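Notes for the one structure printed next.
Read-outs throughout are calculated quantities, based only on the coordinates presented, and are distinct from any laboratory measurement. Owing to the predicted nature of the structure, the values given are computational and were not obtained by experimental measurement. We place every Cβ from the backbone using ideal geometry, glycine too, and count neighbours over all the protein chains shown.
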Amino acid sequence: MNELKMHVDFLFRKYPINKHIKELKEEILGNLESKKADLIAEGLDEDTAVTQAKQSITTIDYLIDGNRRIYINQYMVELLQWVLIYLLVSWIITIPLQIGIEGNTLSFFLFCIAIIVGVIYLTRSKNDLSATKYVNTASFAKWKKYVWIIWGLFFLAATLYTTALNFGSNMWFSRPIYINGPYQFAIVAIKFILPIVTIQIPLLVNKAFKLLDKYEVSDLDEN
């Protein structure tokens, strides 16, 4: 197989094939083939010419539409800080809800996850903060939209399920809804409140998207 084509395929391995990517691959392959021919014309043997042609293009991330270069470790450190903050806020919210088994379980789960994220944060903060990486913001924006849609569907489904479970028979038989005392009211209310806590997930995705602007590598940084 054409070694230059294999090299180009490797460079594009992370990107799904579409019309733009296909045209870009063909253009880069053509440029490498031309460079190889020029090097051979200058007196290099074919293997050396292929090697030097491959070394002339080692990444194509900067050519992909929507890609932005960011300080990846700085970005991840602050993102982990926000994850930890959101988890602790969610945990605090669930503390009064521990009178129900669902609230107690969720509160304990959030506390454990917060500890794990805290450990990851301490480890990540020791990494090289000058390291950079390309991130496709177009894909990120698309996923942000999907996360909100998924959360909305989950919240709607959870609310309908809780309503049907607790009041379905009353509504079906047109009987009045009766709650026996404040404790039962609290238990039912908790079941409706808990899904709201999960809104932290799409909010966190929004925060992650906004942080890309803060840690994008600028031309001044590279000078």
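Which of the pairs Lys36/Lys133; Lys14/Lys142; Lys5/Lys35; Lys25/Lys145 have their Cα atoms more than 21 Å apart in this structure? Intermediate results must be reported in sequence, preceding the final value.
Working: Lys36/Lys133 29 Å; Lys14/Lys142 17 Å; Lys5/Lys35 13 Å; Lys25/Lys145 29 Å.
Those over the limit are Lys36/Lys133; Lys25/Lys145.
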Can you tell me how much longer the chain between Phe173 and Gln55 gets when fully stretched, taken as 0.36 nm per residue apart minus their C-alpha distance, in nm with one decimal? 34.9 nm
Identify, among Leu39, Thr105, Thr198, the residue whose Cα sits farthest towards the positive end of the charge dipole of the chain, taking +1 on the Cβ of Lys and Arg and -1 on the Cβ of Asp and Glu, with the dipole about the Cα centre. Thr105
Rg and Dmax [Cα atoms of segment 67-222; Å; Rg one decimal, Dmax integer]: 20.6, 71
In degrees from 0 to 90, rounded to the nearest 10, what is the angle of the helix 46-56 Cα long axis to the longest principal axis of the chain? 40
Return Ser90, Ser174, Ser139 ranked ascending by Cβ neighbour count within 10 Å, so the fewest neighbours appear first. Ser174, Ser139, Ser90
Specify the angular offset, from 0 to 90 degrees and rounded to the nearest 10, of the alpha carbon long axis of helix 200-214 from the longest principal axis of the alpha carbons in the chain. 30
List the chymotrypsin sites (Phe, Trp or Tyr not before Pro) in segment 166-204 that DSSP assigns to loop (not H, G, I, E or B) and whose Cβ has at most 12 other Cβ atoms within 10 Å. Which are they? Phe173, Tyr178
Checking segment 1-32 for trypsin sites (Lys or Arg not before Pro) in a loop per DSSP with at most 15 other beta-carbon atoms within 10 Å yields Arg13, Lys14
Summing -39500 (n - 2.57) over every DSSP H run of at least 4 in the chain, dividing by its residue total and rounding to the nearest 500, the 222 nm mean residue ellipticity is -24500 deg cm²/dmol
Provide the packing ranking of 148-156, 70-78, i.e. peptides ordered by the mean count of other C-beta atoms within 10 Å per residue, highest first. 70-78, 148-156
List the GluC sites (Glu not before Pro) within segment 1-57 that DSSP assigns to loop and that have no more than 11 neighbouring Cβ atoms inside 10 Å. Glu42
Here the gain from full extension of Ile85 to Asn206, 0.36 nm per residue of separation minus their alpha-carbon distance, amounts to 42.1 nm
